[in-house]
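Accompanying notes for the structure given below.
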Ligand code: SF4
Ligand code: SF4
């Protein structure tokens with residue numbers, strides 16, 4: 001296992017994400033505890049010392065199971081991370097009760113790492129609202145030793161992250177973002193990395209293989225990667241990509257079975273960042289995937305002033321692309337749509353076609369919006 005230095009700690013470069021543990025009968029809230037026990041034992045034995053959970057993972061069961069399984073190990077032998085569930089606005093006034101409950105669920109006296117969970121457009125104002133006192137409460141827990149390092153995770157866009165950083169950035173010790181060679185461009189993870197670098201905030205990575213989407217590629221892409229690195233398999237490229245960024249300190253993978261676990265641990269026996277040519281190759285492959293699966297909106301905004309309904313067309317198409325790329329696992333698009341006014345939703349399009357006449361990409365906008373609305377169940 002390779003390790004990264006962080007504020008005097010030696011963190012395994014690969015962390016165990018506990019949001020996709022093995023389950024029984026396909027029921028996400030029924031974790032297969034015995035298989036999970038074997039997996040955590042394997043992690044510990046292989047030198048993984050970072051374990052990430054959250055209040056909502058596995059319907060609230062992840063914290064309970066992780067707490068139960070890690071109890072078998074010396075508290076000093078692992079670093080435990082969890083998060084305040086602000087993705088649900090109903091939780092905002094409950095920070096104290098939830099934090100106490102989380103410590104109990106995890107059977108620990110303190111969290112090594114604790115995050116504002118998913119700072120995004122939908123909740124950033126609430127996270128910043130002093131009336132809820134979330135930041136003050138968490139800083140107090142830091143002072144009294146019950147949080148060792150405070151940070152945040154985010155699926156928000158750059159503007160949203162910048163707003164959060166303006167308020168709390170000087171106290172944020174790390175930030176967890178979705179980073180992989182697909183989202184480097186698709187979700188502008190490149191821009192997020194650069195922003196965090198400006199703030200000197202180390203990067204924690206989630207979704208390194210995009211929920212498994214990057215674990216297998218087309219025949220053509222696979223052949224190109226094999227030719228460039230004959231000894232490396234396709235999933236390993238996703239991790240080598242991340243090893244190419246110095247600010248990436250922790251990479252979390254939500255591993256669901258022993259085979260994935262063993263393969264990823266094997267990859268993390270060595271640090272083998274991509275050279276310039278390899279980086280170009282993988283980003284070209286990602287470009288090709290993006291082009292084949294998404295509507296080619298460049299967010300030029302020419303169409304917006306033409307829309308009698310005042311729809312933010314590029315924003316809606318961006319969410320549509322996200323929903324298409326993520327397939328059945330899509331959650332960002334529905335979450336972001338929930339913050340859009342009812343009369344500005346994709347189904348508000350009256351199919352007047354005025355927007356199409358100015359679109360340089362010749363996108364059939366009303367058709368795409370209709371498909372998006374249907375995909376969202378409207
Ligand atoms: S077709 Fe729909 S999105 Fe385009 S201008 Fe008309 S109402 Fe707006
Ligand atoms: S005009 Fe076309 S490319 Fe430009 S923002 Fe509108 S949909 Fe996107």
(Q) Going by what's in this entry, would residue 314 be described as out of contact with any strand residue (DSSP E or B) (no Cβ under 7 Å at 6 or more places or on another chain) and at pLDDT 90 or above? (A) yes
Q. Only one of (1) more than 21 Å from the chain's Cα centre (by Cα); (2) within 16 Å of ligand 2 (Cβ to nearest atom) fails for residue 290. Which number is that?
A. (1)
Q | Among the candidates 289, 279, 324, residue that is more than 16 Å from ligand 1 (Cβ to nearest atom) and at pLDDT below 90 | A | 324
Q. Of all residues in the stretch 150-165 being buried (at least 19 other Cβ atoms within 10 Å of the Cβ) and not in a helix (DSSP H, G or I), which is farthest from the chain's Cα centre (by Cα)?
A. 150
Q) If we keep just the residues of the stretch 359-378 that are within 12 Å of ligand 2 (Cβ to nearest atom) and not in a helix (DSSP H, G or I), which is surrounded by the fewest Cβ atoms within 10 Å (Cβ to Cβ)? A) 362
Q. Any idea which of 123, 118, 91, 144 is crowded, with 19+ Cβ neighbours inside 10 Å and at pLDDT 95 or above?
A. 91
Q: Output the residues belonging to the stretch 339-351 that are within 6 Å of ligand 1 (Cβ to nearest atom) and more than 18 Å from residue 301 (Cβ to Cβ).
A: 350, 351
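Please enumerate the residues belonging to the stretch 344-358 that are farther than 26 Å from residue 118 by Cα and assigned to a helix (DSSP H, G or I). It would help to see each step written out before you state the result.
Residues of the stretch 344-358 farther than 26 Å from residue 118 by Cα: 347-358.
Within the stretch 344-358, 347, 348, 356, 357, 358 meet the criteria.
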Q: Run residue 214 past the list (1) surrounded by 20 or more Cβ atoms within 10 Å (Cβ to Cβ); (2) farther than 20 Å from residue 155 by Cβ and report the number of the one that doesn't hold.
A: (2)
Q) Taking the stretch 296-305 as the region of interest, how many residues are over 15 Å from residue 185 (Cβ atoms) and away from ligand 1 (no atom under 12 Å from the Cβ)? A) 2
Q. Quick check: anything in the stretch 287-302 touching a helix residue (DSSP H, G or I) at 6+ places or on another chain (Cβ under 7 Å), in contact (Cβ under 8 Å) with a residue 24 or more places away in the chain and under 15 Å from residue 373 (Cβ atoms)?
A. yes
Q.
I'm trying to understand the selection: among the residues of the stretch 170-184, which are part of a loop (DSSP other than H, G, I, E, B) and either buried (at least 24 other Cβ atoms within 10 Å of the Cβ) or touching a residue at least 60 places away in the same chain (Cβ under 8 Å) (or both)?
A. 173, 174, 179, 180, 181, 182
Q. For residue 330, all conditions in the list (1) buried (at least 16 other Cβ atoms within 10 Å of the Cβ); (2) over 30 Å from residue 57 (Cβ atoms); (3) modelled with pLDDT under 85 hold save one; what is the number of the exception?
A. (2)
Q.
Of the residues 248, 234, only one is surrounded by fewer than 20 Cβ atoms within 10 Å (Cβ to Cβ) and assigned by TED's automatic domain parsing to the domain that holds residue 27; which?
A. 234
Q: From (1) in contact with a helix residue (DSSP H, G or I) (Cβ under 9 Å, 6 or more places away or on another chain); (2) touching a residue at least 12 places away in the same chain (Cβ under 8 Å); (3) within 16 Å of ligand 1 (Cβ to nearest atom), pick out the condition that doesn't hold for residue 308.
A: (1)
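The values are calculated or read from the model by the stated rules, or taken from the named source; none is laboratory data. In this text, all values refer to a predicted model and were calculated from it rather than measured experimentally. Cβ: placed from backbone, ideal geometry, glycine included. Neighbour counts: every protein chain shown.
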